[in-house]
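The values are calculated or read from the model by the stated rules, or taken from the named source; none is laboratory data. Being a predicted model, the structure only gives us computed values, none of them experimental. Glycine also receives a Cβ, built like all others from the backbone with ideal geometry; neighbour counts cover every protein chain displayed.
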């Protein structure tokens, strides 16, 4: 912690309160030595919470201009025991809520998880819904309130990517842990254009993740491909290579290479520094002039609108 308090800068840490939540920053200057994975108790806009330390901010510019709430304390064994009890209580609330949704015949709504705030004043449910128009959950909220005595009950809709992050498991690419569960803390916008730019097959199974949305990894190298493509020739362009003239069939932007179809050799790989443009030959032709005196020229046409002059 001594390195983090150098130059009198505050110690800013990132704390995560749920599996699919983002990092929230707090001032831990008054706390002793901290390490990633520690559990801390803090006061938030949603009451007191117990979260996991996931980041210690090292950027001096961020710390210099920081203004965050202070961390109250490192979680004690009593705090951790209470947190476990709240998790068990949240499982009961989750089962109760799922039964109510099923009994009220709300097939589009799927309750994912439930969570009590550390001071037991707020009970929050995360759910997903296939349709954009979310059905009313007021009756579910009233029934839950009769069984669990809390100050407030909240329902928060999450997207399919958040659901995949919550459940975890193997990625569509075969990676043992999905990227969203392992290290992604936010979901950037992904478009089909990213796959086209990188020359990736547009077959749905090749570009779709376990969440049935475009894979997050399509954005990982997109900027590098866009920059590399600026210096690459287009496909189907005629170029001159050390082995003769050919047509570009495919490109490898990151390696700055092209695959050229040669007449007697086939497809061969070349670095872009080994090829040059082929300039098409243009023949300059002059229009034929009619022969003199062959009668092909027509006499000038008389202007019929011009009045005839009478002789004086």
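Here are some notes:
- Selection count, the range 56-72, where residues are touching a helix residue (DSSP H, G or I) at 6+ places or on another chain (Cβ under 8 Å) and part of a loop (DSSP other than H, G, I, E, B): 1
- If you filter the range 42-67 down to residues that are farther than 21 Å from residue 20 by Cβ and exposed (fewer than 15 other Cβ atoms within 10 Å of the Cβ), you find that the one that is modelled with the highest pLDDT is 58.
- Selection status of residue 266, out of contact with any helix residue (DSSP H, G or I) (no Cβ under 8 Å at 6 or more places or on another chain), at positive phi and not assigned by TED's automatic domain parsing to the domain that holds residue 199: yes
- Criterion applied to 182, 157 was being farther than 21 Å from residue 108 by Cβ and surrounded by fewer than 17 Cβ atoms within 10 Å (Cβ to Cβ), and the one residue passing it is 182.
- Taking residues in the range 187-211 that are touching a residue at least 60 places away in the same chain (Cβ under 8 Å) and at positive phi, and partners anywhere that are in a helix (DSSP H, G or I) and loosely packed, with under 12 Cβ neighbours inside 10 Å, not one pair has Cβ atoms closer than 7 Å while being at least 6 places apart or on different chains.
- Scope the range 201-212; condition farther than 11 Å from residue 172 by Cα and in a loop (DSSP other than H, G, I, E, B); matching residues: 201, 202, 203
- Checking every residue in the range 246-261 against the condition of being surrounded by 10 or more Cβ atoms within 10 Å (Cβ to Cβ), at pLDDT 90 or above and part of a loop (DSSP other than H, G, I, E, B) gives at least one match.
- Subset of the range 14-36 (residues that are more than 28 Å from residue 155 (Cα to Cα) and either touching a strand residue (DSSP E or B) at 6+ places or on another chain (Cβ under 9 Å) or in contact (Cβ under 8 Å) with a residue 60 or more places away in the chain (or both)): 27, 28, 29, 30, 31, 32, 34, 35, 36
- Test result for residue 150, within 30 Å of residue 72 (Cα to Cα), assigned to a loop (DSSP other than H, G, I, E, B) and either free of Cβ contacts under 8 Å to residues at least 24 places away in the same chain or not assigned by TED's automatic domain parsing to the domain that holds residue 46 (or both): yes
- Residues in the range 118-136 that are over 24 Å from the mean Cα position of the chain (by Cα), surrounded by fewer than 21 Cβ atoms within 10 Å (Cβ to Cβ) and either in the same structural domain as residue 47 (by TED's automatic domain parsing) or in a loop (DSSP other than H, G, I, E, B) (or both): 119, 120, 121, 133, 134, 135, 136.
- Of all residues in the range 185-198 being touching a helix residue (DSSP H, G or I) at 6+ places or on another chain (Cβ under 7 Å) and closer than 18 Å to residue 20 by Cβ, the one that is surrounded by the most Cβ atoms within 10 Å (Cβ to Cβ): 190
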